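**Student:** Below are the structure tokens for one structure; questions will follow.
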Amino acid sequence: MTQTTTTASPASPAKKEPHPALHASGTTLTGAEILWEVLVREGVDTVFGYPGGAIMPAYDAMARYPIHHVLTRHEQGASHMADGYARASGGVGVCIATSGPGATNLVTGIATAMLDSIPMVCITGQVPSPFIGTDAFQETDIQGVTIPITKHNYLVTDPKDLARVLKEAFYVARSGRPGPVVVDVTKDAQQKSATFEWNDEPVKLRGYRPEHTPLSSELEKARELIDAAERPVILAGHGIIKGQATGLLLEFVRKTDIPVAQTLLGLGGFPASHERALGMMGMHGEAWVNQAIQDADLLIALGMRFDDRVTGKLESYAPKAKKIHVELDPAEIDKNVKADVPIVGDVREVLGSLLPAVKERKRSAWVTHIDGLRSESAERDIQTHSGEAHLYAAHVIGDLYRLTEGKATVVTDVGQHQMWEAQYYKHERPRSLLTSGGLGTMGFALPAAIGARFARPNDETWVIAGDGGFQMTACELSVCAQENLNLNIAIVNNGFLGMVRQWQELFYEKRYVATPIGAPDFVLLAQAHGLEGIRVTKRSEVEAAVQHARSVSHTVLIDFRVEPEEVVYPMVPSGKRLDEMIRRPRLSPATDPHDSVAPPAMTKTDKD
Amino acid sequence: MTETKQRRTFVVHVEDEPGVLNRVASLFRRRAYNIDSLNVARTHEKGVSRMTIVCMAGASEARRIEANLYKLVDVLRVDEVTDTATVEHVLCLVKVGVDEARRPEVLQILDVFGARTLDLSPCSLVTELTGAVDVIDRFLAVLAPFGILEVAQTGAVAMSRDAERPQLRAAEPCKGSSAHAA
């Protein structure tokens with residue numbers, strides 16, 4: 001198990017020789033120049049953006065600095081690209097836009113980054129400071145707009161503040177629980193000159209305390225609970241990946257023999273092939289994972305926040321389990337699930353303290369119990385069915401996993417395909433799945449994958465998107481062409497907004513209101529952009545198309561025409577107990593599930 | 001999680017920067033914490049403002065309010081003073097519609113409460129009372145029969161009775177674990 005995250009931090013502060021384009025501290029520079037002086041010093045070499053009136057001085061100065069600017073087709077694409085860049089690299093992603101509509105178009109991407117704790121710095125132009133508050137052309141109070149969806153934000157009206165503010169912005173974005181920071185810079189602050197002042201001292205903000213030291217008394221309580229637990233489950237979240245704690249978690253599991261369930265954003269933080277890896281928990285988690293959580297006597301939550309998609313009905317969540325909650329953000333403690341032992345601190349530090357203290361032991365009876373649950377589920381798994389006559393989305397994703405040997409970086413959109421990806425693409429390494437978990441932003445995949453390509457150009461990268469979400473940001477295909485990107489795009493095309501259609505099927509008596517969705521011919525769309533498009537309608541065609549896409553160095557879009565009315569199983573309906581799952585009807589090998597559809601019954605899998 | 005809510009007072013020291021009040025108010029609105037009163041003004045220390053926020057919250061919610069406030073970069077220090085020894089006062093201006101005939105009665109009441117008379121006209125007077133919120137409530141109830149024309153109140157401001165100076169930097173903000181255990 002190697003942790004690629006430790007080496008790939010292109011946006012962490014550069015320590016090497018200063019670039020010849022840079023000026024020494026004390027030089028008089030324009031605000032626009034100061035902006036790039038700081039960005040280059042912060043290690044930024046790629047920014048995603050779209051120019052406009054209020055940001056033009058910054059764009060004009062950019063040409064004099066070693067910065068690759070990726071021109072997006074919509075500012076939402078810029079914020080998702082910066083996000084994808086940050087998720088893939090572990091560093092800070094940077095996007096840039098003009099005032100007014102340029103800035104407001106960033107908003108969805110900023111909110112996406114906020115809910116998934118992604119470090120990002122968003123630079124926006126603002127009308128000249130004398131015009132602020134006058135409803136000037138393209139004026140929006142973007143600072144006011146983004147207060148609830150940023151970790152922090154700034155308005156800069158004087159070039160002398162710019163270096164300090166930008167340095168703070170990078171520090172705040174990447175430290176502690178990361179998040180997006182907006183820096184709004186008036187046009188006159190870009191144009192006017194000031195003395196550029198820079199030093200390598202660490203940022204000091206007296207009101208900002210990103211680090212927390214775990215209390216030794218709580219660590220000791222946790223150790224006691226862990227040693228005594230007979231049926232413990234680790235709930236591994238995004239914090240494992242952000243805290244680079246995969247190696248320690250592997251050691252911890254080897255010593256304690258505790259099975260690991262993962263959140264959607266935690267996938268990749270613990271290798272899926274590990275014998276104690278359970279898979280994803282929650283609304284579309286596998287039945288054995290949710291059942292194990294409900295049966296557990298101890299939950300060890302590591303860097304996760306008990307989202308409602310993870311817990312189901314709170315009152316009946318893991319009723320027999322004590323809960324240890326390890327979390328960097330104290331505001332998450334007791335927010336949804338009451339912790340018996342709250343530990344506020346960095347997951348890696350906490351695991352490092354617990355590892356030598358916990359007892360080495362086997363938990364064979366518990367593991368055997370979970371294996372029993374697993375084999376029951378396997379009978380229902382669509383992957384056990386050949387389905388040659390049809391094209392099932394789950395098969396497409398399972399085949400993609402097999403053909404890429406699980407080594408690709410996969411960027412998903414939001415919806416059914418996202419859940420199938422989480423179930424059937426087994427992630428072995430951190431940062432190999434990039435997905436919008438918290439906000440659930442459709443349209444995320446293509447631009448985020450473009451960002452990821454710039455962060456990790458040597459990775460095989462696949463977009464998996466539905467036909468609905470893909471159309472939201474399909475304009476960014478132009479970026480793939482303009483930047484000559486090697487990106488593979490799999491559109492899971494079922495002609496529906498599939499997840500909403502699924503809810504309509506299950507909870508709205510099949511009234512398919514506003515979910516049948518038309519689409520352009522995606523193959524022609526790819527070709528219109530100068531890219532390659534392939535259509536796949538049968539499972540027998542999947543392998544050739546995927547292998548072709550992998551073999552060429554340009555962007556290939558594959559339009560997988562899948563079954564229109566498939567359902568993601570299992571499913572915990574919203575507000576239900578975690579083990580009240582709607583299960584896939586058992587498959588008989590001779591029949592196709594679509595020929596033998598029994599209406600899915602609400603099956604209780606617990607023993608009462 | 002439903003828990004019993006009670007009136008709680010937070011003293012919050014913040015950077016004296018534009019927009020800080022907006023950030024704090026936005027946090028309370030976004031997390032659906034209901035503010036009873038909020039008072040903000042500069043302190044004797046340059047660059048530091050002080051807020052007194054009164055809201056209804058349960059114990060666990062109060063701890064999260066504190067934790068969420070600390071997540072704001074401009075927040076320097078948060079003290080929940082609900083259960084500590086503090087003085088907590090509201091300033092209240094009341095205009096009472098009272099003529100010469102009943103004025104002596106009203107002045108007597110003002111005297112009992114220790115209220116000051118700021119202005120007097122033939123048909124009204126303006127009085128000022130500073131005191132705890134329950135005293136102000138009683139004061140208004142007693143004046144009501146005379147005909148209150150206007151009331152202007154500040155939010156509560158609070159101060160602990162100990163002899164310490166609030167430490168504004170590098171304090172360990174996270175009482176998450178210990179506060180929780182208590």
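The values are calculated or read from the model by the stated rules, or taken from the named source; none is laboratory data. Bear in mind that the values here come from a model prediction, so they are computed numbers and not experimental data. We place every Cβ from the backbone using ideal geometry, glycine too, and count neighbours over all the protein chains shown. Note: accessible area is taken over every heavy atom of the protein model, side chains too, but ligands, DNA and RNA are not part of it. Shrake-Rupley method; radii C 1.70, N 1.55, O 1.52, S 1.80 Å.
**Student:** Give me the angle, in degrees from 0 to 90, between the Cα long axis of helix B:103-113 and the longest principal axis of the Cα atoms of chain B, rounded to the nearest 10.
**Tutor:** Computed tilt is about 30 degrees.
**Student:** Kindly provide the helix-only [θ] at 222 nm of chain B, computed as the sum of -39,500 (n - 2.57) over DSSP H runs of four or more divided by all residues, to the nearest 500 deg cm²/dmol?
**Tutor:** About -8500 deg cm²/dmol.
**Student:** Using Cα pairs under 8 angstrom and six or more residues apart, how large is the relative contact order of chain B, in percent?
**Tutor:** Result for chain B is 26 percent.
**Student:** Size of the dipole of the protein assembly as shown about the Cα centre, Lys and Arg at +1 and Asp and Glu at -1 on the beta carbon, nothing else charged, in debye to 20?
**Tutor:** The dipole of the protein assembly as shown has a size of about 980 debye.
**Student:** Given a 1.4 Å probe and the protein chains all in place, what does the accessible area of A:CYS475 round to, in Å² to the nearest 10?
**Tutor:** Estimated to the nearest 10 Å², A:CYS475 gives 50 Å².
**Student:** Hey, can you find the accessible area per residue of segment A:216-376 for me, probe 1.4 Å, expressed in square angstrom?
**Tutor:** Each residue of segment A:216-376 exposes 32 Å² on average to a 1.4 Å probe.
**Student:** If you don't mind, another one. Report the normalised scattering of segment A:194-290 as log10 I(q)/I(0) at q = 0.11, 0.12, 0.15, 0.20 Å⁻¹, calculated by the Debye formula with identical scatterers on the alpha carbons.
**Tutor:** -0.48, -0.54, -0.73, -1.07
**Student:** Give me the aspartates and glutamates in straight-line cross-link reach of A:LYS313: C-alpha distance below 16 Å, same-chain residues under 8 apart excluded.
**Tutor:** A:ASP295, A:ASP334, A:ASP579, A:GLU580, A:ASP606
**Student:** Sticking with this one: Return the residues of segment B:9-36 for which accessible area with all protein chains present is lower than in the chain on its own by 40 Å² or more; set the probe to 1.4 Å and exclude ligands, DNA and RNA.
**Tutor:** SASA drop of 40 Å² or more in segment B:9-36: B:ARG23, B:ARG30.
**Student:** Where only protein heavy atoms count, and the probe is 1.4 Å, what is the accessible area per residue for segment A:28-195 in Å²?
**Tutor:** With the other protein chains kept in place, segment A:28-195 gives 28 Å² per residue.
**Student:** Could you list the trypsin sites (Lys or Arg not before Pro) in segment A:14-89 that lie in coil according to DSSP, counting only those with at most 12 other Cβ atoms within 10 Å of their Cβ?
**Tutor:** A:LYS15, A:LYS16, A:ARG64
**Student:** Here is a further query. Would you kindly state the longest site-free stretch of chain A, with sites defined as GluC sites (Glu not before Pro) in a DSSP loop (not H, G, I, E, B) surrounded by at most 13 other Cβ atoms within 10 Å?
**Tutor:** A:1-196
**Student:** Let me ask you something else. Going by a 1.4 Å probe on protein heavy atoms, which residues of segment A:194-220 end up with at least 50 Å² less accessible surface in the whole assembly than in their chain alone?
**Tutor:** Flagged in segment A:194-220: A:ARG206, A:GLY207, A:ARG209.
**Student:** Turning to a different aspect of this structure: What accessible area, in Å² to the nearest ten, does a 1.4 Å probe give for A:LEU328?
**Tutor:** Accessible surface of A:LEU328 is approximately 40 Å².
**Student:** Another question about this same structure. Are there any trypsin sites (Lys or Arg not before Pro) in segment A:193-224 that are in a DSSP loop and have at most 11 other Cβ atoms within 10 Å? List them by number.
**Tutor:** A:LYS204
**Student:** Need one number: convex hull volume per residue for the protein assembly as shown, Cα atoms only, in Å³.
**Tutor:** Roughly 198 Å³ of hull volume per residue.
**Student:** At a cut-off of 40 Å², which residues of segment B:49-73 become less accessible once all protein chains are present than in their chain alone, using a 1.4 Å probe?
**Tutor:** Listed in order, they are B:ARG63, B:ARG64, B:LYS71, B:VAL73.
**Student:** Longest span of chain A, sites excluded, free of chymotrypsin sites (Phe, Trp or Tyr not before Pro) in DSSP loop with at most 14 other C-beta atoms within 10 Å?
**Tutor:** A:138-507
**Student:** Got a number for carbon plus sulfur as a percent of segment A:216-376's accessible area, 1.4 Å probe?
**Tutor:** It is 52 percent, rounded to a whole number.
**Student:** List the relative contact order of segment A:28-195 as a percent without decimals, with contacts defined as Cα pairs under 8 Å and 6+ residues apart.
**Tutor:** Result for segment A:28-195 is 28 percent.
**Student:** Set the bar at 18 Å for Cα to Cα. Now go through A:LYS160/A:LYS187; B:LYS46/B:LYS71; A:LYS242/A:LYS323; A:LYS160/B:LYS46; A:LYS255/A:LYS362; A:LYS151/B:LYS71 and name every pair that lies beyond it.
**Tutor:** B:LYS46/B:LYS71; A:LYS242/A:LYS323; A:LYS160/B:LYS46
**Student:** Could you do me a favour and compute the accessible area per residue for segment A:383-561, 1.4 Å probe, result in Å²?
**Tutor:** Solvent-accessible surface per residue comes out at 35 Å².
**Student:** Now for a different question. Find the sum over both chains of the accessible area lost when B and A are paired, probe 1.4 Å, and report it in Å² to the nearest 100.
**Tutor:** That pair hides around 2600 Å² of surface in total.
**Student:** Please work out the Cα center distance from segment A:216-246 to segment B:49-66, rounded to the nearest Å.
**Tutor:** Segment A:216-246 and segment B:49-66 have Cα centres spaced 30 Å from each other.
**Student:** Further question on the same structure: What is the mean number of Cβ atoms from other protein chains located within 10 Å of the Cβ atom of each residue in peptide A:147-156, rounded to a whole number?
**Tutor:** Per residue, the number of nearby Cβ atoms from other chains is 3 on average.
**Student:** Considering Cα pairs under 8 angstrom that are at least six residues apart, work out the relative contact order of segment A:216-376 and quote it in whole percent.
**Tutor:** Here the relative contact order equals 28 percent.
**Student:** Which distance in Å, rounded to a whole number, links the C-alpha centroids of segment B:97-116 and segment A:382-431?
**Tutor:** Segment B:97-116 and segment A:382-431 have Cα centres separated by 81 Å.
**Student:** What longest region of chain B stays clear of trypsin sites (Lys or Arg not before Pro) that DSSP places outside H, G, I, E and B and that have at most 14 other Cβ atoms within 10 Å?
**Tutor:** The longest uninterrupted stretch comes out as B:103-160.
**Student:** Next question, about the same structure. Could you pull out every residue, at least 5 positions away or on a different chain, whose amide H is within less than 5 Å of the one on A:GLY466? Hs are placed 1.01 Å off N in the peptide plane, and Pro or chain starts have none.
**Tutor:** HN-HN under 5 Å from A:GLY466: A:ASP413, A:VAL414, A:VAL492.
**Student:** State the percentage of accessible surface on segment A:418-544 attributable to carbon and sulfur atoms; use a 1.4 Å probe and exclude ligands, DNA and RNA.
**Tutor:** Roughly 54 percent, rounded to a whole number.
**Student:** Trypsin sites (Lys or Arg not before Pro), restricted to segment A:369-428: which are DSSP loop and have at most 14 other Cβ atoms within 10 Å?
**Tutor:** For trypsin sites (Lys or Arg not before Pro) across segment A:369-428 that sit outside H, G, I, E and B with at most 14 neighbouring Cβ atoms in 10 Å, the list reads A:LYS407.
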